[in-house]
Amino acid sequence: MIDVLRWSTSVVTALAHGATKVYAAETPDAARTLAAGLLMRPLLAGERESRRIPGFDLGNSPGEFIPGVMAGREVVTTTTNGTQALRAARSASMTLVAGFVNLSATADALAAARAPVVLLCAGQAGDEAIEDSCCAGALLKALGAQPDGEAAERALALWREQGRDAARAVTAAPHGQSLIRAGFAVDLLAAASVDRWRLTPRLGA
Ligand code: MLT
């Protein structure tokens, strides 16, 4: 499951910086309920319209998920698209959270699984998000996979059109532009840091 801007990037960053587990909830209320049921108080993180949800500890900027905050903590997240997209992936035998930040690690894990792979792009409000499609194209390329269908061909074509450049893809993306307008330009840099981490967060692990 790919949500480059920004959930996947934030989840990978949180775990890389010492978070012990990241939960995904569909709504802010569901996140609060989930958090209240955990033994140790987790951090609540998430956004609506890109901004931190009132009463939550953190928003959805990768830069907020720093070692001093994450170490040893569980994090309950809810976001507009990323945590929703996970619903569609529930029946898979294994679901990985992927972005540019863990591209090669994801490709290696998928290759090692030796099973059919579906690249699920979170997108934006039910529409395509080109940063996610570009990341899917980059994964297909890294896997050396033959495109299987129109969507895969489009992902590869989009990635080629963006010069196979993650920074260009996230900046060209409408969601990237709206994050810049909202004051989150630095998040695009984090999201475009290809292979920053060798981590493959797994649903249910
Ligand atoms: C989402 O899940 O929709 C994104 O992570 C939104 C965002 O940029 O925070």
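Coordinate-derived values only; no laboratory data. Since we're looking at a predicted model, the values are computed, not measured. When we count neighbours, we look across all protein chains shown, and the Cβ atoms used for this are built from the backbone with ideal geometry, even at glycine.
Results, tabulated for the structure shown:
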{"item": "Residue-count net charge about Ile2 - beta-carbon cut-off 13 Å; Lys, Arg +1, Asp, Glu -1", "result": "-3"}
{"item": "Residue-by-residue Karplus 3J(HN,Hα) for segment 114-119, coefficients 6.51, -1.76, 1.60, Hz, glycine and proline x", "result": "6, 9, x, 10, 10, 9"}
{"item": "Calculated log₁₀ intensity ratio I(q)/I(0) where the Debye formula runs over C-alpha points of segment 121-191, q = 0.23, 0.27 Å⁻¹", "result": "-0.97, -1.20"}
{"item": "Stokes-Einstein D (µm²/s) once Rh is taken as the Kirkwood radius of segment 158-198 over alpha-carbon pairs, at 25 °C in 0.890 mPa s", "result": "233 µm²/s"}
{"item": "Positive minus negative residues near Ala45 (Lys, Arg vs Asp, Glu; Cβ under 9 Å)", "result": "-2"}
{"item": "Scaled radius of gyration (Cα, divided by 2.2 N^0.38 Å) that segment 62-171 gives", "result": "1.13"}
{"item": "Relative packing of peptides 159-166, 141-148, 184-191 - highest average C-beta neighbours within 10 Å first", "result": "184-191, 159-166, 141-148"}
{"item": "Rg ratio (alpha-carbon, reference 2.2 N^0.38 Å) - the chain", "result": "0.96"}
{"item": "Two-site FRET efficiency, Asp127 against Arg41, from Cβ-Cβ distance with R₀ of 25 Å, rounded to 0.05", "result": "0.10"}
{"item": "Under 5 Å, built H, 5+ apart or other chain: amide partners of Ala24", "result": "Thr77"}
{"item": "Among 126-133, 112-119, the order from most to least packed when residues are scored by Cβ within 10 Å on average", "result": "126-133, 112-119"}
{"item": "Distance between modelled label sites at Ala30 and Ile180, nm, 7 Å Cα→Cβ extension", "result": "3.3 nm"}
{"item": "For peptides 27-36, 98-107, sequence by mean Cβ density within 10 Å, most packed first", "result": "98-107, 27-36"}
{"item": "Globularity index of segment 18-114, i.e. its alpha-carbon radius of gyration over 2.2 N^0.38 Å", "result": "1.14"}
{"item": "When segment 56-107 is reduced to its Cα atoms, the Kirkwood hydrodynamic radius in Å", "result": "13.3 Å"}
